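The values are calculated or read from the model by the stated rules, or taken from the named source; none is laboratory data. Just so you know, these numbers come straight off a predicted model, no measurement behind them. Using ideal geometry, Cβ is built from the backbone for each residue, glycine included, and neighbour counts are taken over all protein chains shown.
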Amino acid sequence: MAKFYITTPLYYVNDKPHIGHAFATITADVMARWHRLNGEKIFFLTGTDEHGEKNQKAAEAAGITPQQYVDGLADVYKSVWKAMNISYDGFVRTSSPGHEAAAAHFVELMNKNGDIYKGEYEGWYCVPDETFFTELQLVNGKCPDCGREVKKVKEESYFFRLGKYQQRLLDHYSENPEFLSPELRSDEIKNRVKSGLKDLSITRASIKWGVPFPLDKSRTVYVWVEALVGYLSGIGWPSKDADVVWPADTHLVGKEINWFHSVIWPAMLMSAGLPVPKRIFAHGWWTIDGKKMSKSVGNIVDPVEMVKKYSADPFRYFLIREKPISEDGDFSEKAMITRINGELVADLGNLVSRTVTLTSRFNGPIAGKPELESHLRLEKITEKMERFDPFGALEEIWSFIRASNKYVNEKSPWKLDGAELSNALYNLLEACRIISIMVSPFMPETSEKLNAQLGVKAGTLKDCRFMEWKGNVVKGEHLFRKME
């Protein structure tokens, strides 16, 4: 049985999730559900990155321990993913004893390979982003990512020989062109690596809320180093059972953390003697009025509020349908309402409503020739999903839905009877059954409701073909409600 291991980023728990987090998690969920439909063995991992100075200070300000602070936030993430019907198989927390032991073991493997040494680090540190920058990277003396103040840090540190892996990384990129995905972001990574890699400081003396550094317990492991090991600890590594799942088939990450995943993480894995992931896919951002979402700016969109207002499936559908995963897109409730009323209510909802209504009034046997099958381009849809393009796959699925609606208008089954009506209903019912399978990764609740009205069991990709009709139609409510 083929396997597919996909991960979201391990989200830094300094606040509740926004739609950027929701977009990545929903996308990963769609891909995991699709591969399950294909009969593959799936492991879908998400989780939370919980160490670091930012959370240490926040806990102190709240008068609680760092563990109590992150416990509450991890629960928030789990509740949000439940509200959005996320089907993850594992949820890793980097403050768990199992992760801390795995991270320490990973460091020991790197050290065994001669890739860790002691030196002195000096650099500019952004506390909110838990990231160091060189003088050249700063923008007007501030963090290039969030625009906030940075502080000068100088301390003894242990270093990872990142520079040692420069050519090996470049060779890997060349030999595995899909590793850096999408293609539009690959040149940036390659050019930065070609310009030279400096060794990476991997310990902190001043930060106590972290994984103790196994070679010197007075220090903690740099949060961006130990958090990456979560993709291994989340599947039980270093247990042998993890060998069945690793390497990851896709790490889905935001483009702002592409460097850590496409350069530092594979170099660390090479040092530890472990296989590297097959693909790092850096997705685009959602913006609000053209600006990146930021708590300080006050333009955060709460996914829970969106689910309460529109329900989970329309929200899931909109985030995938509105923009290609690799590109940036501007979030708009008006645009979401347009999609709901047009594509969900008018296209899919009306197709199902007309089909089940006409069928419930027909008493004869349902059989016919598959006249709509020529409009079903399953190979094209599958190709889009294999290329990690759920946006393109939805376009193809909706092409079939619209072809089915056109078939209704042209056939006018309400004017037919006998064998002609039976044939038209056969085509529409089988089309709806297949559509239910294809939309199930994107809108799982909608698929369940549609199957209930058709009186059929949930199918797999192998069932996406016109077969003998064996359902038992029970007319129900319209799948979607129109939004004002």
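Table: residues versus (1) touching a Gly at 6+ places or on another chain (Cβ under 7 Å); (2) within 20 Å of SER311 (Cα to Cα).
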site	(1), (2)
TRP398	no, no
TYR407	no, no
PRO413	no, no
SER422	yes, no
TYR426	yes, no
PRO441	no, yes
PRO444	no, yes
GLN453	yes, yes
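If you go through the stretch 284-306 and keep only what is modelled with pLDDT under 75 and over 21 Å from ILE325 (Cβ atoms), you end up with ASP289, SER294, LYS295, SER296, VAL297, GLY298.
For the stretch 217-248, the set of residues classified as touching a Lys or Arg at 6+ places or on another chain (Cβ under 8 Å), in a loop (DSSP other than H, G, I, E, B) and surrounded by fewer than 20 Cβ atoms within 10 Å (Cβ to Cβ) consists of PRO247 only. Of everything in the stretch 363-377 that is of a type outside the set (D, E, K, R) and surrounded by fewer than 17 Cβ atoms within 10 Å (Cβ to Cβ), the residue that is nearest to ILE435 (Cα to Cα) is HIS375.
Annotation note: Cβ proximity below 9 Å between a residue of the stretch 451-477 that is under 23 Å from ALA32 (Cβ atoms) and a residue that is of a type in the set (Ser, Thr, Tyr) and assigned to a loop (DSSP other than H, G, I, E, B) (sequence gap 6+ or interchain) occurs for ASN451/SER440; ALA458/SER440; GLY459/SER440.
Which ones in the stretch 27-74 are among the charged types (D, E, K, R) and either surrounded by 21 or more Cβ atoms within 10 Å (Cβ to Cβ) or within 20 Å of the chain's Cα centre (by Cα) (or both)?
Matches in the stretch 27-74: ASP29, ARG33, ARG36, GLU40, LYS41, ASP49, GLU50.
Of the residues screened, SER79 is one that is hydroxyl-bearing (Ser, Thr, Tyr) and surrounded by fewer than 15 Cβ atoms within 10 Å (Cβ to Cβ).
If you go through the stretch 27-63 and keep only what is within 19 Å of ARG93 (Cα to Cα) and modelled with pLDDT of 95 or more, you end up with ALA28, ASP29, PHE43, PHE44, LEU45, THR46, GLY47, THR48, ASP49, GLU50, HIS51.
Taken together, the residues in the stretch 411-459 that are buried (at least 22 other Cβ atoms within 10 Å of the Cβ), small (Gly, Ala, Ser) and within 27 Å of LYS82 (Cα to Cα) amount to 3. Looking across the stretch 220-230, the residues that are over 14 Å from ILE116 (Cα atoms) and at pLDDT 95 or above come down to THR220, GLU226, ALA227, LEU228, VAL229, GLY230. In summary, helices (runs of 4 or more DSSP H) completely within the stretch 16-99 and bearing 1 or more residues that are more than 28 Å from PHE318 (Cα to Cα) and of a type in the set (S, T, N, Q) occur at 53-62, 66-83. The listed residues are GLU135, GLU178, GLU188, and the only one of them that is assigned to a loop (DSSP other than H, G, I, E, B), under 26 Å from the mean Cα position of the chain (by Cα) and either surrounded by fewer than 15 Cβ atoms within 10 Å (Cβ to Cβ) or at pLDDT 90 or above (or both) turns out to be GLU178. For the stretch 251-297, filtering for residues that are of a type in the set (A, V, I, L, M) and part of a helix (DSSP H, G or I) leaves 8. Within this structure, GLY147 fails the test of being surrounded by 20 or more Cβ atoms within 10 Å (Cβ to Cβ), part of a loop (DSSP other than H, G, I, E, B) and either out of contact with any helix residue (DSSP H, G or I) (no Cβ under 8 Å at 6 or more places or on another chain) or not polar (S, T, N, Q) (or both).
In the stretch 133-147, the residues that are in contact (Cβ under 8 Å) with a residue 12 or more places away in the chain form Cβ pairs under 8 Å with partners that are aliphatic (A, V, I, L, M) and in a loop (DSSP other than H, G, I, E, B), at six or more places apart or across chains, as follows: PHE133/VAL150; LEU138/VAL150; CYS143/VAL150. Of all residue pairs spaced 6 or more apart or on separate chains, those with beta-carbon atoms under 6 Å, a first member in the stretch 106-117 that is at pLDDT 95 or above and a second member that is in a helix (DSSP H, G or I) and of a type in the set (S, T, N, Q) are MET110/SER271; ASN113/SER271; ASP115/SER271. Listed by first and then second residue, the pairs linking a residue in the stretch 5-26 that is under 17 Å from GLU226 (Cβ atoms) and modelled with pLDDT of 95 or more to a residue that is assigned to a helix (DSSP H, G or I) and of a type in the set (S, T, N, Q), with Cβ atoms under 9 Å apart and 6 or more places separating them unless they lie on different chains, are TYR11/THR25. Among the conditions (1) closer than 25 Å to GLU386 by Cα; (2) under 23 Å from the mean Cα position of the chain (by Cα), the only one that VAL223 does not satisfy is (1).
Residue pairs whose Cβ atoms lie under 7 Å apart, sitting 6 or more positions apart in sequence or on different chains, and linking a residue in the stretch 302-326 that is in a helix (DSSP H, G or I) to a partner that is among the small types (Gly, Ala, Ser), are PRO303/ALA22; VAL304/ALA83; VAL307/ALA83; ALA312/ALA83; LEU319/ALA22.
Of all residues in the stretch 195-214, how many are surrounded by 14 or more Cβ atoms within 10 Å (Cβ to Cβ), of a type outside the set (S, T, N, Q) and farther than 15 Å from LYS54 by Cβ? Here the count works out to 9.
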